[in-house]
Amino acid sequence: MAASQVVKITSKGQFTLPVELRRELSLGKDSHVYVTKLGRLIVIKKVEELSLDDISAILEPLAKRSGLTRRILMEDIEKAREKMLGEKQGKVQVQRSH
């Protein structure tokens, strides 16, 4: 594991993860991380490594505050699937016609 380092936070609230950490964790350009507060600690976790339980724990309080129900979510997911399937089928038809 890379040695601990002190990093500076910019006026925009940004900081740079040390290169050793980025390499060790395979964090490259356009990688996404989840950031949360755990007591007085800031925890950063690669999005690809989030489990369904992690995702549920993140989304559940947000859903409750916004009034989102499982039924509404499932309806929205089905609409998105239908849209993606329609777009995918449209691309296949366009490719076949060329």
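Values quoted throughout were computed directly from the atomic coordinates according to the rules given, and no laboratory measurement underlies them. What you see is a predicted model; the values in this text were computed from it and never measured.
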Hz values of 3J(HN,Hα) by residue in segment 28-40 - Karplus curve (6.51, -1.76, 1.60), Gly and Pro given as x: x, 3, 6, 5, 10, 10, 9, 10, 9, 9, 10, x, 9
On Cα atoms only, tilt of 70-97 relative to the major axis of the chain in degrees: 70 degrees
Answer label for log10 I(q)/I(0) by the Debye sum over Cα atoms at q = 0.14, 0.17, 0.21, 0.23 Å⁻¹ (calculated), chosen among (1) -0.84, -0.98, -1.16, -1.26; (2) -0.56, -0.79, -1.09, -1.23; (3) -0.62, -0.80, -1.02, -1.12: (1)
Pairs of lysines in segment 9-76 (C-alpha under 23 Å apart; 8 or more residues apart or interchain): 9
Acute angle (nearest 10 degrees) that the helix 52-66 long axis makes with the longest principal axis of the chain, alpha-carbon atoms: 80 degrees
5 angstrom amide H check on Lys46, placed H, neighbours 5+ away: Tyr34
Choice from Ser11, Ser26, Ser56 with maximal GNM fluctuation in the chain (Cα, 10 Å cutoff): Ser11
